[in-house]
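Notes for the one structure printed next.
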Amino acid sequence: MDHLSSLPRTIADAWRGAATQIAGLDRVQPAPALMPTPRDVIMTDGTAALYRFARPATAPAAPKTPIVLIPSLINRWYVLDLRAGASLVEALTSAGLDVWCLDWGIPEDEDRHRSWTDVLDRLARMLRRVRRETGAAKVALCGYCMGGTLATIHTALHPDEIAALIDLAGPIDFAKGGMLRRMVDPAWFDADAIADAGNVAPAQMQAGFTALRPTLDLAKLVGLGDLVGDAKAQLAYRALETWSSDNIPFPGDAYRTYITELYQGNALVNGTHRVRGKAVTLAAITCPTLAIVADRDTICPPPAAIALTERVGTTDTAVLRVPGGHVGAVVGGRAAREMYPGLIAWLRPRLVASSQEKSP
């Protein structure tokens, strides 16, 4: 949603034009190199794909236990491999880890009937393929945003298959979901009415995120002045803008469950969430568990994710607090200096330990 749209069009356009000219963003420049890490497509499942990333020749030997990245359903996966120097995938592969990623793909109109259970079934199929390809008895999961919620649910249902769980800014206790939880309060929000119309369009979802920071676009325009004469900063800005504009629909039936059961019913914490008749019990998670939270995250406020470490059935838990907002914590300027090394320092010894376990 354009926050300048309420202004006369000529004024809004003039502001944009002046800001982009001053920053130099109006000049013809090479496109930012997105998704820089080489990868192979190992499996496709409908619109989804499973990627395996190449490790640099200089990387240390990989533990046998792989790590699988689970992105959100409503954003493109490549925020995790945005550009050189701002890529979680790059950091993990350079550390010698065997890195995989699930690309949910772009839902088609017929995917309006894809349920939350269908989404979890697809995740399970992908993870079985990872184990079959690697020969590993277990995998580690790192879920970002909604992917963290999905990774947590899968781990609770299949605890013996998961070596470590990382929730990267994914809500678990939705009662602590901040403004987004208040926006979808059942007293005034009817998720069924939206889902009955089909897939939820990106513009509908972005309107909710816009309400969290209604002056964001104006702040971006003001901040463009900082890009003057800084080619590197301009490239970073354009890469992030490309990703943030590349939004995808939310399958209607999956959206219905996500809002009614998780946001409105707080079913994960209350113990009432079920998948194919099986209860999702957070205490069933016995693998090492890490919650990564961003101090200025309004989409997943820190308490919403930290709740996971308070409810799992293991004492091997940790919380990694990083600066930034929901996206900046993953690709911002300090992510490579703080978040990536912190995640790797916690994860690598646990993958090594898992790799040394004898198969049952």
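With a cut-off of 12 Å between beta carbons, the residues surrounding Leu82 carry a summed charge of -1, where Lys and Arg count +1 and Asp and Glu -1.
For the range 24-355, give the share of DSSP beta bridges that are antiparallel, in percent and rounded to the nearest 5; count only bridges with both residues there.
Expressed as a percentage, antiparallel bridges in the range 24-355 total about 40.
Taking Cβ atoms as reference points and 11 Å as the exclusive limit, the residues near Gly332 contribute a net charge of +2, counting Lys and Arg as +1 and Asp and Glu as -1. Ranking of Thr314, Thr257, Thr149, Thr58 by neighbouring Cβ atoms within 10 Å, starting from the fewest: Thr58, Thr314, Thr257, Thr149. On a straight-distance basis, which lysines could pair with Lys278 in a cross-link, Cα separation under 28 angstrom, same-chain partners fewer than 8 positions away excluded? Correct list for Lys278: Lys138, Lys176. By other beta-carbon atoms within 10 Å, ranking Ile292, Ile259, Ile42, Ile70 with the fewest at the front produces Ile42, Ile259, Ile292, Ile70.
With Rh defined as the Kirkwood radius, the inverse of the mean 1/r over Cα pairs, the Rg/Rh of the range 242-360 is 1.01. Each listed q (0.18 Å⁻¹) maps to a log10 I(q)/I(0) for the range 68-205, found by the Debye formula over equal Cα scatterers with no solvent: -1.16. Once the chain from Arg276 to Gln204 is taken as fully extended at 0.36 nm per residue, the excess over their C-alpha distance is 23.0 nm. Going from the fewest other Cβ atoms within 10 Å to the most, the residues Ser87, Ser355, Ser115, Ser72 appear in the order Ser115, Ser355, Ser72, Ser87.
With the simple model of a label 7 Å out from the Cα in the direction of the Cβ, Thr298 to Ile106 spans 2.9 nm.
Taking label points 7 Å from Cα along the Cα-to-Cβ direction, Glu133 and Val41 give a separation of 1.3 nm. Approximating the spin labels as points 7 Å out from Cα along Cα→Cβ, the Thr117-to-Val352 distance works out to 4.3 nm. Extension gain, Thr242 to Ala336, is 31.8 nm, computed as 0.36 nm per intervening residue step minus the present C-alpha separation. Computed from Cα atoms alone, the Kirkwood hydrodynamic radius reported for the range 24-355 is 20.2 Å.
Values quoted throughout were computed directly from the atomic coordinates according to the rules given, and no laboratory measurement underlies them. Remember, it's a predicted structure, so these values are computed and weren't measured experimentally. Heads up, the Cβs are rebuilt from the backbone with ideal geometry, glycines too, and the neighbour counts pull from every protein chain shown.
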